[in-house]
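Single-structure report; data block below.
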Amino acid sequence: MPGLRIPRESWKRGPVLAALALLLGLLMALHAELPSVGGIGSLVENLLPWCGAFVPVLLAGALWRRSASAVVALVLPVTVWLSLFGGLLTDRSHPGGDLTVVSHNVDAGNPDPTGTARELAASGAELIALEELTDQARSTYGKWLAKAYPYHAVRGTVGLWSKLPLSDTRPVNVVRGDVGPLARTKPAESAAEAADEVRALRTTVTTAHGPLAVYVVHLGSVRVTRRDGFWTASRDFGADALAKAIAAEPHQRVVLLGDLNGTTDDRAFHGLTSRLTSAQKTAGNGFGFTWPASFPIARIDQVLVRGVRARSSWVLPETGSDHLPVAARIGW
């Protein structure tokens with residue numbers, strides 16, 4: 001604007017704010033270069049979209065300090081954030097599709113599995129994948145889903161209920177060591193058995209368009225510990241094993257449903273995301289956060305596809321679980 005002059009002293013104000021803005025931008029731009037020591041890189045990548053929340057805080061500080069340098073420095077984090085996540089702010093869904101799929105970690109401590117089963121059945125999906133099934137709740141889900149879903153396959157703590165025939169079902173080994181809260185629902189003497197629980201299966205769904213390979217997965221938990229920091233060893237082992245299984249999958253058309261205990265921005269899933277596409281990123285509306293259900297901050301429940309096209313992707317309402325269910329409409 002002609003005649004607009006910025007006082008020279010305003011460029012000298014707020015050097016700390018300007019430095020923080022630049023560091024924020026560099027953190028987002030170079031997140032893949034962060035060290036894996038203590039899981040710091042993985043932790044940052046799982047919370048990467050929330051880095052944008054620091055921008056208005058820094059902007060408010062810059063305006064309060066009347067710091068021109070801090071305001072200009074904020075151009076970097078804003079640009080980087082928009083390049084990473086700007087596309088998620090629009091509705092990318094398309095009409096149509098041939099098959100609706102749902103995935104839900106139903107929570108081992110779910111107080112109302114009957115209500116959860118009813119809500120999932122009401123979705124009308126052709127395929128419903130459940131994770132974190134307990135011995136006690138498995139029969140409840142089977143009872144309430146059996147009428148609408150005559151075909152089902154359960155292996156360990158994961159299962160798939162289908163309106164279409166299933167065949168060639170087998171477990172997929174994604175487990176190493178202590179894998180999460182489900183082990184703590186077992187008696188102490190069964191802890192070793194729980195740690196070896198099957199947490200992934202692969203099956204073939206017969207569709208009008210030909211066979212569709214479907215994987216239902218619940219990878220190992222992550223946790224923060226004093227000794228290890230952000231501990232992801234069990235999950236990372238499972239992610240690598242799963243990526244190898246997908247790479248060896250003979251069917252071109254693949255859908256992966258499940259709780260990966262991490263977002264697709266996490267470096268641990270490069271082997272998967274290089275072979276499969278996120279339905280939410282290509283056909284969703286927004287970030288589609290799923291956990292924790294009471295105030296979701298991350299999308300750790302995924303629908304990933306190969307050889308088929310995601311037409312739409314969304315998050316279903318809260319059930320009795322600590323996760324939100326996810327759904328997607330796919331087409332050939």
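The values are calculated or read from the model by the stated rules, or taken from the named source; none is laboratory data. The structure presented is a predicted model; accordingly, all values stated were derived computationally and were not measured. Because the Cβ atoms are built from the backbone with ideal geometry, glycine has one as well, and the counts that use them run over all protein chains shown. Only protein heavy atoms, including side chains, enter the accessible area calculation; ligands, DNA and RNA are left aside. Shrake-Rupley method; radii C 1.70, N 1.55, O 1.52, S 1.80 Å.
Residues of region 20-33 that are under 20 Å from residue 298 (Cα atoms), of a type in the set (A, V, I, L, M) and open to solvent by less than 40 Å² (accessible area, probe 1.4 Å): 24, 28.
Filtered by the rule that a residue be open to solvent by 10 Å² or more (accessible area, probe 1.4 Å), over 10 Å from the mean Cα position of the chain (by Cα) and under 18 Å from residue 327 (Cβ atoms), region 249-286 gives 277, 281, 282, 285, 286.
Contact map, region 41-64: residues that are crowded, with 19+ Cβ neighbours inside 10 Å paired with residues that are among the aromatic types (Phe, Trp, Tyr) and not in a helix (DSSP H, G or I), Cβ distance under 8 Å, separation 6+ or inter-chain. Pairs shown: 42/230; 49/287. Scanning region 210-257 for residues that are among the basic types (Lys, Arg), modelled with pLDDT under 95 and under 20 Å from residue 299 (Cβ atoms) gives a single hit, 223.
The rows are residues; the columns are (1) within 30 Å of residue 213 (Cα to Cα); (2) in a loop (DSSP other than H, G, I, E, B); (3) more than 21 Å from the chain's Cα centre (by Cα); (4) polar (S, T, N, Q).
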{"residue": "64", "(1), (2), (3), (4)": "no, no, yes, no"}
{"residue": "72", "(1), (2), (3), (4)": "no, no, yes, no"}
{"residue": "79", "(1), (2), (3), (4)": "no, no, yes, yes"}
{"residue": "100", "(1), (2), (3), (4)": "yes, no, no, yes"}
{"residue": "104", "(1), (2), (3), (4)": "yes, no, no, no"}
{"residue": "111", "(1), (2), (3), (4)": "no, yes, yes, no"}
{"residue": "115", "(1), (2), (3), (4)": "yes, no, yes, no"}
{"residue": "124", "(1), (2), (3), (4)": "yes, yes, yes, no"}
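Can you find a residue in region 43-52 that is within 25 Å of the chain's Cα centre (by Cα) and in a loop (DSSP other than H, G, I, E, B)? Yes, the conditions are met somewhere in region 43-52. Would you confirm whether or not region 263-277 contains a residue that is in a strand (DSSP E or B) and touching a Gly at 6+ places or on another chain (Cβ under 9 Å)? No, every residue in region 263-277 fails to be in a strand (DSSP E or B) and touching a Gly at 6+ places or on another chain (Cβ under 9 Å). Among the residues making up region 238-248, those that are open to solvent by 70 Å² or more (accessible area, probe 1.4 Å) and more than 17 Å from the chain's Cα centre (by Cα) are 244, 248. Answer with yes or no whether residue 112 is within 30 Å of residue 140 (Cα to Cα), touching a residue at least 12 places away in the same chain (Cβ under 8 Å), open to solvent by 30 Å² or more (accessible area, probe 1.4 Å) and in contact with an Asp or Glu (Cβ under 8 Å, 6 or more places away or on another chain). No.
Looking across 239, 248, one residue alone is hydrophobic (A, V, I, L, M, F, W, C), farther than 22 Å from residue 92 by Cβ and in contact (Cβ under 8 Å) with a residue 24 or more places away in the chain. It is 239.
Among the residues that make up region 239-261, is at least one of them within 19 Å of residue 202 (Cβ to Cβ), of a type in the set (A, V, I, L, M, F, W, C) and in contact with an Asp or Glu (Cβ under 8 Å, 6 or more places away or on another chain)? Scanning region 239-261 turns up at least one residue that is within 19 Å of residue 202 (Cβ to Cβ), of a type in the set (A, V, I, L, M, F, W, C) and in contact with an Asp or Glu (Cβ under 8 Å, 6 or more places away or on another chain).
Of the strands (runs of 3 or more DSSP E) contained entirely in region 283-332, those carrying at least 1 residues that are farther than 17 Å from residue 130 by Cα, aliphatic (A, V, I, L, M) and touching an Asp or Glu at 6+ places or on another chain (Cβ under 9 Å) fall at 326-331. Of all residues in region 1-19, those satisfying the criterion of being open to solvent by 80 Å² or more (accessible area, probe 1.4 Å), free of Cβ contacts under 8 Å to residues at least 40 places away in the same chain and either small (Gly, Ala, Ser) or not in a loop (DSSP other than H, G, I, E, B) (or both) are 8, 9, 16. The numbered conditions (1) under 16 Å from the mean Cα position of the chain (by Cα); (2) under 30 Å from residue 115 (Cβ atoms); (3) open to solvent by less than 60 Å² (accessible area, probe 1.4 Å) are all true for residue 314 except (3).
The set of residues from region 126-150 being open to solvent by 60 Å² or more (accessible area, probe 1.4 Å) and either closer than 25 Å to residue 212 by Cβ or outside any helix (DSSP H, G or I) (or both) comprises 138, 144, 147, 150.
Per the conditions (1) surrounded by fewer than 22 Cβ atoms within 10 Å (Cβ to Cβ); (2) at pLDDT 95 or above; (3) not charged (D, E, K, R), the sole criterion not satisfied by residue 38 is (2).
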